[in-house]
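Notes follow once the structure below has been shown.
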Amino acid sequence: MENYGDPTFGVNDAFKPVVRYWDRITHPAQVIQSLPAALATLLDPADCGPAFIGLPQDVQGWAWDFPDAMFEKKVHRIRRIAPDEAEIADARAALLAAKRPMIIAGGGVQYARAAEDLAAFAEAHRIPVVETIAGRANLLAEHPLNIGPIGVTGSDSANAIAAEADLILAVGTRLQDFTTGSWTAFDAEARIVAINAARHDAGKHRALPVVGDAKRALDALGQGLDYAAPAAWVDKAQKERRDWDAYVAGNVKPGNGPNSYAQAIGVVNELCHPRDRIVAAAGGLPAEVTANWRTLGIGTVDVEFGFSCMGYEISGAWGARIAQEQREPEPDTIVFIGDGSYMMMNSDLYSAALSRKKLIVLVLDNGGFAVINKLQNNTGNESFNNLLADCPTIPEPFAVDFEAHARSQGAEAVTVENSAELGAAFERAKASTRSQVIVMKVDPYDAGPPGATPGGRSARPR
Ligand SMILES: Cc1ncc(C[n+]2csc(CCOP(=O)(O)OP(=O)(O)O)c2C)c(N)n1
Ligand SMILES: [Mg+2]
């Protein structure tokens, strides 16, 4: 390690690579400068990210007279950057020339609180909208211009129109590889216009950039814009979406085959409140949620697929619960988590119980790292060390009692055999005030929707 032997190098330094702002307080007066800088980082629309302030215990015990001004109430606003007029003019000209326009709506639409503006823009100009993973709840599933999630983990409907679109208006998306199929999702001649608060993302893939806040940029673009997409194009997109909906309906149907992620998603989607929030992050679930979940409320879907970080699910949901309760106390926070991710990080179940934040956690146990097993098979390898059953190093694999484990952390827990029992358990879970864990075994070889498994499907061993 570079700093090996440096006596000032400590555990705090380990956070440097994973945060946007880092400081170590060695004198209390430093807080006057450091705290506002940390907050400014947290609130910056383009460069936002985690902020870290190391406060060693000896400094914590140091009395210091801060100026009174430090403690005055201050309202922090998230800056809304206005777009450049010339960039808007270029974007408008490109849109006016489009015969097959499509909007890709990303998570940035949520951050900019621009979901209503996006829907109004799409409706005014009759432009079909597809969603990224982070943008899964920009439009309701039933919105007539919602053509579904795009990309590797997306829908046939969105991907069909993406392949034909001549103008792609990307709003608040990083256009990363899952979204663009590593830039294979679009026609090579298609023109991209990208609205983004971050310059780097606005200029990707030779896009016409519109650097700025999504709400302000959509507003500026729509000013006096006399444009509507050709009706035949919109009809085609809507037909694709109907076909996809029919496919998903079959996919999530209870009892349509061995227990699957899709069935569990279908049961919860059917019985949940429209404002319930769902959280998923790693394994096969993010893709399955992206493809199969029907959005019932704007901003209600939290799928962490930027890093697909195992262990985000329960901790992230605890945070989501704290935020959600301030706005809408009634609806629930629902977590979809695999057995592998649960094993990696589950102890915030205990935190949630201690702080009386109710979560409903579905632990879907397929006996190991099923998605990695699928990737392994689909890159030409035999199953090895991913499913417990395929681990030669373990002479006698045994299942974890997730139910007992969760109960020991203060949750009410139950194991169910199938999607019918899952439905009943979910309704009981909704009626309770305490955190709930529902465990169900699911099939590790479940095929899932066409795009839902990065790397494709896996063959069940004979
Ligand atoms: C922190 C972290 N480590 C490793 C990975 C790589 N990884 C992605 S999915 C996965 C397996 C997850 O297992 P499980 O939660 O049971 O989901 P399943 O694959 O069975 O759907 C692994 C190891 C990751 N995404 N995050
Ligand atoms: Mg698993």
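The values are calculated or read from the model by the stated rules, or taken from the named source; none is laboratory data. Predicted model, so just to flag it, every value in this text is computed and none were measured. All Cβ positions, even for glycine, are placed from backbone atoms using ideal geometry, and neighbour counts span all protein chains on display. Only protein heavy atoms, including side chains, enter the accessible area calculation; ligands, DNA and RNA are left aside. Shrake-Rupley method; radii C 1.70, N 1.55, O 1.52, S 1.80 Å.
Take the residues in segment 384-419 that are closer than 27 Å to V252 by Cα, open to solvent by 30 Å² or more (accessible area, probe 1.4 Å) and not in a loop (DSSP other than H, G, I, E, B), then tell me which one is nearest to ligand 2 (Cβ to nearest atom).
Within segment 384-419, the match that is nearest to ligand 2 (Cβ to nearest atom) is L388.
Among the numbered conditions (1) farther than 16 Å from L362 by Cβ; (2) open to solvent by less than 30 Å² (accessible area, probe 1.4 Å), tell me where Y247 comes up short.
So the condition that Y247 fails would be (2).
Could you tell me whether segment 267-277 includes any residue that is farther than 30 Å from D84 by Cα, in contact (Cβ under 8 Å) with a residue 24 or more places away in the chain and within 16 Å of ligand 1 (Cβ to nearest atom)? Give the steps one after another, and end with the answer.
Restricting attention to segment 267-277, the residues satisfying the condition of being farther than 30 Å from D84 by Cα are 267-277.
Going one step further and asking which of them are in contact (Cβ under 8 Å) with a residue 24 or more places away in the chain, we end up with 267-277.
This time we only want the ones that are within 16 Å of ligand 1 (Cβ to nearest atom), so: none.
Among the residues of segment 267-277, not one is farther than 30 Å from D84 by Cα, in contact (Cβ under 8 Å) with a residue 24 or more places away in the chain and within 16 Å of ligand 1 (Cβ to nearest atom), which makes the answer no.
Name the one entry in D201, D226 that is buried (at least 18 other Cβ atoms within 10 Å of the Cβ) and either among the acidic types (D, E) or under 17 Å from R113 (Cα atoms) (or both). Steps first, answer last, please.
Details: D226 fails: buried (at least 18 other Cβ atoms within 10 Å of the Cβ).
The conditions single out D201.
Please list, ordered by first then second residue, the pairs with beta carbon atoms under 8 Å, 6 or more apart or interchain, first in segment 406-429 and not assigned by TED's automatic domain parsing to the domain that holds V335, second of a type in the set (D, E, K, R).
Pairs that qualify, where the first residue is not assigned by TED's automatic domain parsing to the domain that holds V335 and the partner is of a type in the set (D, E, K, R): there are none.
Please give the helices (runs of 4 or more DSSP H) falling wholly within segment 299-383 in which 3 or more residues are closer than 20 Å to H405 by Cβ and more than 8 Å from ligand 1 (Cβ to nearest atom).
It comes to 312-327, 348-354.
So which of D332, D339, D348 ends up being among the charged types (D, E, K, R) and within 16 Å of ligand 2 (Cβ to nearest atom)?
D339
Every residue, every condition in (1) open to solvent by less than 30 Å² (accessible area, probe 1.4 Å); (2) touching a residue at least 24 places away in the same chain (Cβ under 8 Å); (3) not aromatic (F, W, Y); (4) not in a loop (DSSP other than H, G, I, E, B), yes or no:
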residue: G135; (1), (2), (3), (4): yes, yes, yes, no
residue: N138; (1), (2), (3), (4): yes, yes, yes, no
residue: V152; (1), (2), (3), (4): no, yes, yes, no
residue: A163; (1), (2), (3), (4): no, yes, yes, yes
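Within the set of pairs 6 or more residues apart or between chains, which connect a residue that is open to solvent by 70 Å² or more (accessible area, probe 1.4 Å) inside segment 13-36 to a residue that is at pLDDT 95 or above with Cβ atoms less than 6 Å apart?
F15/F52; K16/W22; R20/T41
Check off (1) over 30 Å from D201 (Cα atoms); (2) open to solvent by 60 Å² or more (accessible area, probe 1.4 Å); (3) under 33 Å from the mean Cα position of the chain (by Cα); (4) not aliphatic (A, V, I, L, M) for Q60 and give me the number that stays unchecked.
(3)
Being assigned by TED's automatic domain parsing to the domain that holds L95, in contact with a Lys or Arg (Cβ under 9 Å, 6 or more places away or on another chain) and at pLDDT 95 or above is true for just one of A229, A185, A202. Which residue is that?
Criteria check complete, one pass: A229.
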